[in-house]
Amino acid sequence: MKKLLYTYFVIVFTSCSFLDIDSPNVLTEDDLFEDENITTAYFSRLYQELLIEDFNFVQGKFNTFPGSGSNYIGSWVNEELPSGTYTGIGGGSFEKCYEVAYKAIANCNQLIEDLEKSRFKFTAQQYNQYLAEAYFLRSYNYFELAKMFGGVPLVLKLKPYEIGDELSKFHKARNSEEEVFDQIRQDLDFAIQYLPETSQYGRSNRYVAAALKSRAMLYAACIAKYGTPNRLVTPDYPNGLLGIPADRAKELFKYVIDANELIIQSGNYYLFEQLRDKEENFQTLFLQTQNNREVLFARGFDPAVRNSHSHDAIVMPRSIGFTYGNKKSPSTNIMEKFEYVDGRSGEMVWKNGKEYVVFDDLQTLFKDKDPRFFASFITPFSEFRDLKITMCNGVHLDGAFKTAPIGYNYYYDLEKQEFVSYVTDYPATGNSGQTQGSVGNGFCKKYTDIDNPIQSIGALWSSKTHWIDIRYAEILLNHAEAHFEMGNYESAHINLNMIRERAGIVPLEFGDVTLEKIRNERIVEFVYENKSFWDYRRWRTMTTEFNNESASRYRIYYSIDLGGYIIRDDQNNGAKKQYDERFYYNRIPLEEMAKDPLLIQNPGY
């Protein structure tokens, strides 16, 4: 009897993707490797299932609408507003990912077993290449599980069901976190050896596999160095299900360095530096899909085939025609992590002692900031899409702050002592706030589509910007961090400054390179790229960085008393975060615990 593999639907990615193909509705074992297009269609399904944390990764779930915007994972580490709080449990904290990941892994294992059965149909090179790609996909999904839950069951083969089978046949105890990361490395080593040098857009090659190895081994190395080993001790795992022995940290950092060197020495990838203007160059990096050698691995989108996202409609100012808008505003915390071009601390000054600084235009506040700051954020009173984006929360009069109503283009009538909708000399809201959902600091600019008309991207599920999952900047910053951790300070210095020089800020002197500087560079380089939460998690600094604090914002008021704009600080935007050690791992979903009595819950849950 022929086994049904998929009722298949067509998925199309942009930018000349290998996924832009036709395929039959149903695939069987006999069909799968008879035609290269059908094989490619099968792989395309696995790539679509791949757990990439793209625009639609929200509330710890994949393919999810962002709603209020408070549960992007960046909001859990004060990267953006409105601020959310990570709890480690519930449907909004990765629990749904467990089942999704194992379904994707099962499909990878299905492909691996079908390849073995059909090995006679291929040359040795073809067979190893297909197998390597399946291993890459499986390792990617296992890495997502390891980040979320630590040690998880390693299921490397399918268990076919037959009538009469006991359910216990399918029970599987957790492997240790160390074993999971070792399996990820083994799969990726095979992929690096047998995948081709180059690949079509959106598909892996040996350097993409090396980049994933760099990312995964850096995570594992930090768990070994900064994590707490010997947790969840069991008879089978006297050294613990969670954590990685500290004496393996150097070995793991070395894996990172070796993987990076393979990519760097290839010369196939390099930083995007096509435009002289540093701000424009960094902004364009995320929009250019052709001739962009910084991109190692990306996911494309095309609304024409129901494969889209809503980034533009979610984050851009409503004042320029977007229907949802004003989400993912940068917090003051993240804005101040961006240095000034001369290397000064990024702290912004709006008070001299008890006296307010008066601004004619808030762009003065941001003058000489890192160009990535302006490429990542739409700041108050900046130009965007041929409109000056003005924002204000109300007026300051007789020493008191008066907050304007929710809405656009309100002014203050001094004679009537009230907010009005007609023009006076005293602006109260500007054209972009005090709007529903606006939180005052500005708007997300990174990844926003500046070329297509608003009418084509302003509605939900109409954006087409691709998502860059792995880029060369990550390789250089992984390299800098791993070298510093290994005591190779000169190499760390060189790689860190490559990023800073591309950005347009002063390079650091050798003696000024610290682990804190390297980490801060990651935070600003990757803002809005779903990386910071995981960085804080692997550094084990969530409990020290964010406890008893909430994301901060500033509130802009037009001071009638002082004749200009002033800023009122607000340190209490949202609930204060309370993170403890258990939050470095997620709760194993309760429904999975109920299904499999061999599973052991993570500590604290």
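Please work out which residue is modelled with the lowest pLDDT, limiting yourself to region 33-88 and to residues that are more than 28 Å from T541 (Cβ to Cβ) and of a type in the set (V, I, T).
Once the filter is applied, the top-ranked residue is I38.
Out of everything in region 501-512 that is among the charged types (D, E, K, R) and open to solvent by 30 Å² or more (accessible area, probe 1.4 Å), what residue ends up being nearest to the chain's Cα centre (by Cα)?
Residues of region 501-512 that are among the charged types (D, E, K, R), as a first pass: 501-502, 509, 512.
Within this subset, residues satisfying the condition of being open to solvent by 30 Å² or more (accessible area, probe 1.4 Å) are 501, 509, 512.
On the way: E501: 23, E509: 30, D512: 28 Å.
Per the criteria, the residue is E501.
Which of the residues that make up region 531-553 are at pLDDT 95 or above, under 16 Å from P330 (Cβ atoms) and not in a helix (DSSP H, G or I)?
Listed by number, the list holds a single entry, K531.
M486 versus (1) open to solvent by 10 Å² or more (accessible area, probe 1.4 Å); (2) aliphatic (A, V, I, L, M); (3) closer than 30 Å to G267 by Cα; (4) under 24 Å from the mean Cα position of the chain (by Cα): which is the lone unmet condition?
(4)
Could you tell me whether any residue of region 291-309 is among the charged types (D, E, K, R) and under 30 Å from T429 (Cβ atoms)? First the steps, then the outcome.
Narrowing region 291-309 to residues among the charged types (D, E, K, R): 293-294, 299, 302, 306.
From the residues that got through so far, the ones that are under 30 Å from T429 (Cβ atoms) too are none.
Checking region 291-309: not a single residue is among the charged types (D, E, K, R) and under 30 Å from T429 (Cβ atoms).
Where the second residue is part of a loop (DSSP other than H, G, I, E, B) and surrounded by 14 or more Cβ atoms within 10 Å (Cβ to Cβ) and the first is on the phi < 0 side of the Ramachandran plot and of a type in the set (F, W, Y) and lies in region 342-355, which pairs have Cβ atoms under 7 Å and are six or more apart or on separate chains?
Correct list of pairs: W350/V357; W350/L365.
Is one or more of the residues making up region 513-530 open to solvent by 10 Å² or more (accessible area, probe 1.4 Å), assigned to a helix (DSSP H, G or I) and closer than 17 Å to N281 by Cα?
No, because not a single residue in region 513-530 is open to solvent by 10 Å² or more (accessible area, probe 1.4 Å), assigned to a helix (DSSP H, G or I) and closer than 17 Å to N281 by Cα.
I556 - would you say it is buried (at least 20 other Cβ atoms within 10 Å of the Cβ), within 25 Å of the chain's Cα centre (by Cα) and β-branched (V, I, T)? I'd like the intermediate steps shown before the answer.
Details: buried (at least 20 other Cβ atoms within 10 Å of the Cβ): yes; within 25 Å of the chain's Cα centre (by Cα): no; β-branched (V, I, T): yes.
When the stated conditions are applied, I556 does not pass them.
Being outside any loop (DSSP other than H, G, I, E, B) and among the charged types (D, E, K, R) is true for just one of K388, K416. Which residue is that? Write out each step before concluding.
Numbers: K416 fails: outside any loop (DSSP other than H, G, I, E, B).
Step by step, each of K388, K416 is checked, and only K388 is outside any loop (DSSP other than H, G, I, E, B) and among the charged types (D, E, K, R).
One residue is enough: does region 318-331 have a residue meeting the conditions farther than 30 Å from L562 by Cβ, in contact with a helix residue (DSSP H, G or I) (Cβ under 6 Å, 6 or more places away or on another chain) and either without any contact (Cβ under 8 Å) to a residue 60 or more places away in the chain or among the acidic types (D, E) (or both)?
No: zero hits.
Of all the residues that make up region 193-219, how many are assigned to a helix (DSSP H, G or I), within 19 Å of the chain's Cα centre (by Cα) and within 17 Å of N292 (Cα to Cα)?
2
Could you tell me whether any residue of region 245-264 is open to solvent by less than 20 Å² (accessible area, probe 1.4 Å), touching a strand residue (DSSP E or B) at 6+ places or on another chain (Cβ under 8 Å), under 22 Å from R500 (Cα atoms) and at pLDDT 95 or above?
Just the residues of region 245-264 that are open to solvent by less than 20 Å² (accessible area, probe 1.4 Å), to begin with: 249, 252-253, 256-257, 259-260, 263.
Now restrict to residues that are touching a strand residue (DSSP E or B) at 6+ places or on another chain (Cβ under 8 Å): 263.
Applying the additional criterion that residues be under 22 Å from R500 (Cα atoms) yields 263.
Narrowing further to those that are at pLDDT 95 or above: 263.
Within region 245-264, one or more residues are open to solvent by less than 20 Å² (accessible area, probe 1.4 Å), touching a strand residue (DSSP E or B) at 6+ places or on another chain (Cβ under 8 Å), under 22 Å from R500 (Cα atoms) and at pLDDT 95 or above.
Residues are listed down the side, and each one gets a yes or a no for (1) exposed (fewer than 15 other Cβ atoms within 10 Å of the Cβ); (2) among the hydroxyl-bearing types (S, T, Y); (3) closer than 22 Å to D596 by Cβ:
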residue	(1), (2), (3)
E95	no, no, yes
Y98	no, yes, yes
L115	no, no, no
K121	yes, no, no
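Considering only region 355-380, state which residues are in a loop (DSSP other than H, G, I, E, B) and modelled with pLDDT of 90 or more. Don't jump to the end; show me each part of the working.
Of the residues in region 355-380, the ones in a loop (DSSP other than H, G, I, E, B) are 357-358, 360-361, 365-368, 370, 379-380.
Of everything in region 355-380, those that are in a loop (DSSP other than H, G, I, E, B) and modelled with pLDDT of 90 or more turn out to be V357, V358, D360, L365, F366, K367, D368, D370, T379, P380.
The values are calculated or read from the model by the stated rules, or taken from the named source; none is laboratory data. A quick note: this is a predicted structure, and the numbers were derived from the prediction, not measured. Counting neighbours? That spans all protein chains shown, and the Cβs are built from the backbone with ideal geometry, glycine included. Areas reflect the complete protein model, heavy atoms only, side chains present, ligands, DNA and RNA absent. Shrake-Rupley method; radii C 1.70, N 1.55, O 1.52, S 1.80 Å.
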